[in-house]
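> My structure is below; once you've seen it, I'll send some questions.
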Amino acid sequence: MIGLRLRLTAAFTAVALLAALLASGISYVLLRRVMLHRAQYTVLTDVRKTLTRQVPDELPPDVTPLIGAQLEDALEAVPGRKAAAVPMRLDGGVNLPPRNKLDVPVSTEFAMRAMRKLVFQRVIRDGTPYLLVGTRLDGYVTTSEEPQRTVPPMVYVSASLSRESADLRLLTNALVVADALALGSAIVLALLATRGVLRPVRRLGVAARALGDGDLETRVEVRGRGELADLARTFNDTADALERTVTELRVMEAASRRFVADVSHELRTPLTSMIAATDVLAEQAATGADGDGDGGAARLVADETRRLGLLVEHLIEISRFDAGAAVLVLDDVNVLDAVAATLAARGWRERVTVDGPADLFVRLDPRRFDVVLANLAGNALKHGRPPVSLRFARADRAGVEGVEVVVTDRGPGLPDDLIAVVFDRFVKAEAARSRSDGSGLGLSIARENAVLHGGTLEAANDPDGGAMFTLWLPAGPEEDHA
């Protein structure tokens, strides 16, 4: 991906280079035209003046060869020029000068045009430019008896334009050097200009990243009155509004957590007493001690009181996670013994099949590991169908040693729309029911405990049928959480 600095530099340099090339090209074309026209005008003017000066209106007889030699000498007086005077043919044709007489050859077409008027042509031979000029002379030869028309000679002149060509080469080299200097200057100016533009942008980028990382007091310095200054002011205004909103939300969230924690703690003590009292009432009703053999109402009150107590305990645990007060108390744990103790404490040893090595030790929090196992096994027994299995083994993830625990059942499995949100709070497998035995917080607490260990907890459906929960915990954190 091309950066903004490179794009701006390239655009600035391209514009400067294009302008320099256009200026150089136009200058070269105009100067070349002026130089060639000036050289052409000089040669033609010299030829005309020389012919006028050397050829009178009337000539004595039999002097044409002499006049031709004089014309050649006069026309070749300027360095770089060669001339040839060629007699015309009586039949109206043309005679061409010898090949070694001029620097460039004369074509028949050029000679035919030269019979009618003064003509010229630029010719390049062996890399050297020349100006070829041709014309026909008119004159009268006088005698003592009568005037007669004489056969006038044809005059050809080749003038070297090497000096003009050298001047054009010097001009071209100068323009190339000038364009190179312009390109270098454009690059330097582009870098300076982009630096001035990108520096505020980089400051805004750094501030935006800091703001995204949670530093709500981040602001940028406003400099100048241009568009970038307006952008900086807009960023600061947005940061102010965001800080106010987040501060209000944090205050509301803290108040909500305190409310839940306070209510949960206030409910714990009376609920403990109520659970004890309702258990006594249920036992008395079952034995007929209160005169009524039907203890259904008392048992219902006892069950609902215990359920309310479980909900309060879960709310207290969730409030600890939200407040960041949850800590790990790590110990070296034999996984098989921990699994067996969890199942035995809840009377599930005969209902859950356990498979795993007996010598697997992991450093973790035994109490929180028990909570996770109890939630996973309890959900499988409650919502699935037997057989329920719990398998554990060593498993490495991203080069980190750890243990993987997989709990499966053979029930209907998890609905597709529930898999993505099964660990959310107050999500239940049977959402249509207004109430159930669970609190809707068990799996959420299980995942929070897994994350607290640095591990993961995932839910899916087993290809063989039923739900499958996979817990992975690192074998031993680098340092204890406190």
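Bear in mind that the values in this text are calculations on the coordinates, not laboratory data. Given the structure is predicted, the values throughout are model-derived calculations rather than measurements. Ideal geometry is used to build each Cβ from the backbone, glycine not excepted, and the neighbour counts take in all protein chains shown.
> Out of every Cα-Cα pair in segment 331-481, what percent are more than 28 Å apart?
Value for segment 331-481: 15 percent of Cα pairs lie more than 28 Å apart.
> What is the calculated FRET efficiency for Arg202 to Ile419, with r their C-beta to C-beta distance and R₀ = 45 Å, to the nearest 0.05?
After rounding, the FRET efficiency stands at 0.55.
> Can you compute the equivalent ellipsoid semi-axes for segment 331-381, i.e. the square root of 5 times each eigenvalue of the Cα gyration tensor, sorted largest first and rounded to whole Å?
After diagonalising the Cα gyration tensor, the semi-axes are 18, 13, 8 Å.
> From the phi of every residue in segment 174-182, what ³J(HN,Hα) in whole Hz does the Karplus formula 6.51 cos²θ - 1.76 cosθ + 1.60 yield, where θ is phi - 60° and glycine or proline is x?
5, 5, 5, 4, 4, 5, 5, 5, 5
> Right, next: Given charges of +1 on the Cβ of Lys and Arg and -1 on the Cβ of Asp and Glu, with all other atoms neutral, how large is the dipole of segment 331-481 about its Cα centre, in debye to the nearest 20?
740 debye
> Within 10 Å, count the other beta carbons around each residue, average over each peptide in 414-420, 393-399, 380-386, 228-234, and list them highest first.
Highest mean packing first, the order is 380-386, 228-234, 414-420, 393-399.
> Modelled label-to-label distance, Val188 and Ala77, 7 Å Cα→beta-carbon offset: nm?
For Val188 paired with Ala77, the spin-label model returns 5.3 nm.
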